[in-house]
Each structure stands twice: as C-alpha cells, then as structure tokens.
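Engineer: Provided herewith is a single structure, encoded as structure tokens, for subsequent inquiry.
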Amino acid sequence: MAPTVLELAHWSTWAVCAVIKLPQLAAVLAAGSARGVSVGSVLLELAGFLVFLRYQIYYGYPLQTYLEYPIIIAQDVILLLFILRFSGNMKQALFYAVTFWGGWYVLTLRKWIIDLAMNLCTFISGASKLAQLRCLWQTKDSGQVSALTWSMSAYTCASKLWATWFEALSFDLLLMPLSLALYSI
C-alpha cells in the first residue's frame, strides 16, 4: 500500500508543480504589470531552488525526489522575465542568467560549499518571503500575487514532507519542503 501512496504523492506533486506558477504568471500577464511582485523575492526563490536541485544531483538522490525543481525553476525564470519586462529592466536578464549559471558551478567546487548553501536555504526562503511581504506592504497592491499559487504550494509542501520522510529519512531533505513552502507563499 505505501509504495502506491508514495507514487501518488510523487505524481500529484509533479502535476501541481507543472502548473504551480501559472496563476501567478497569468495574473502578471493579464495586468501587464508586475506591481506587487518582488523581483528580489523571485531571485532568492530561484537561488534556493537551484541550490536544492544541485544538492540532490550532487549527492545522487533519486530523480523522483527532485523532478519538480526543474519545472518550478523554468516557471520562475519566466516570471522573472515578465517582471523585468514590465518594469523596463530587461537588460538585467543577462546579468542574472550569468550569475545563476556561475553559481550552479561554484556550488560544487568543494563539498562544504554545497553543504553550506543547502543549510542556508531555509533562511534564503524566509528572506524571499520577507522581500515579497515588504513589496506588498510598500505597494499596497496584491493584485498580481496569486492565492491559488500559495494554496498549491501548501499541498506540494505537505506531499514532499511525507514522501521525503518515507523515502530518505534525511534531515537535510526534510527541510527542503519547508523551504519550498516558504518560497511559494
């Protein structure tokens, strides 16, 4: 019974993650504005997801434990491009791309770097949420922030917590879904 429930948890998480940012993207695109969405928050979120993905690949975790991260990263990159476009800062896209690409390789130059980065991810995700809340407070506009995206992230967090606990019993990996929840709120 447990493997079937575990498979259901993985498949449902992947399905939700395939569309998790679409409500946010649709809201920004429909408004033609990214007002209320923090570029700093999205950048921190991307950094955290890239660290999660790199960590899991580096340590050889099974693909089903991290398959949703490339999907979410792709959606976050699109969201970042929308934010940059609507704020008139598309020239920064190349800088961010080079920075993230370089960071991807720097993470595994030494084992301690990837381990330290992974340990800091919960703090990074918290900082991401604080940046988003600060942006909402300053703009007094939550029109482009999607409650549906937040709800979907709560589900994926619960699903990943259970699946990670069941599969790996890894404390570091158990912190990842908590960080995923913080990122997606």
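Engineer: Of the residues Tyr105, Tyr96, only one is assigned to a helix (DSSP H, G or I), surrounded by 13 or more Cβ atoms within 10 Å (Cβ to Cβ), over 15 Å from the mean Cα position of the chain (by Cα) and not β-branched (Val, Ile, Thr); which?
Structural biologist: When all the criteria are applied, what remains is Tyr96.
Engineer: Would you confirm whether or not segment 38-52 contains a residue that is open to solvent by less than 20 Å² (accessible area, probe 1.4 Å), at pLDDT below 85 and not aromatic (Phe, Trp, Tyr)?
Structural biologist: Looking for residues that are open to solvent by less than 20 Å² (accessible area, probe 1.4 Å), at pLDDT below 85 and not aromatic (Phe, Trp, Tyr), one finds at least one in segment 38-52, hence yes.
Engineer: Considering only residues of segment 131-150 that are surrounded by fewer than 14 Cβ atoms within 10 Å (Cβ to Cβ) and part of a helix (DSSP H, G or I), which is modelled with the lowest pLDDT?
Structural biologist: Checked segment 131-150; the qualifying residue modelled with the lowest pLDDT is Ala147.
Engineer: Something else: Answer with yes or no whether Lys91 is over 21 Å from Trp165 (Cα atoms), modelled with pLDDT under 95, surrounded by 18 or more Cβ atoms within 10 Å (Cβ to Cβ) and among the basic types (Lys, Arg).
Structural biologist: No, not satisfied.
Engineer: Might you let me know whether segment 2-21 holds any residue that is open to solvent by 20 Å² or more (accessible area, probe 1.4 Å), in contact (Cβ under 8 Å) with a residue 24 or more places away in the chain and under 23 Å from Leu133 (Cβ atoms)?
Structural biologist: No, the conditions are met nowhere in segment 2-21.
Engineer: Also, quick follow-up: Just checking, which of Ile73, Ile114 is open to solvent by less than 40 Å² (accessible area, probe 1.4 Å), part of a helix (DSSP H, G or I) and farther than 27 Å from Ala26 by Cβ?
Structural biologist: Answer to the selection: Ile114.
The values are calculated or read from the model by the stated rules, or taken from the named source; none is laboratory data. The structure displayed is predicted, hence computed values, not measured ones. Please note: Cβ atoms are built from the backbone with ideal geometry, for glycine as well, and neighbour counts cover all protein chains shown. All accessible areas refer to the heavy atoms of the entire protein, side chains included, with ligands and DNA or RNA removed. Shrake-Rupley method; radii C 1.70, N 1.55, O 1.52, S 1.80 Å.
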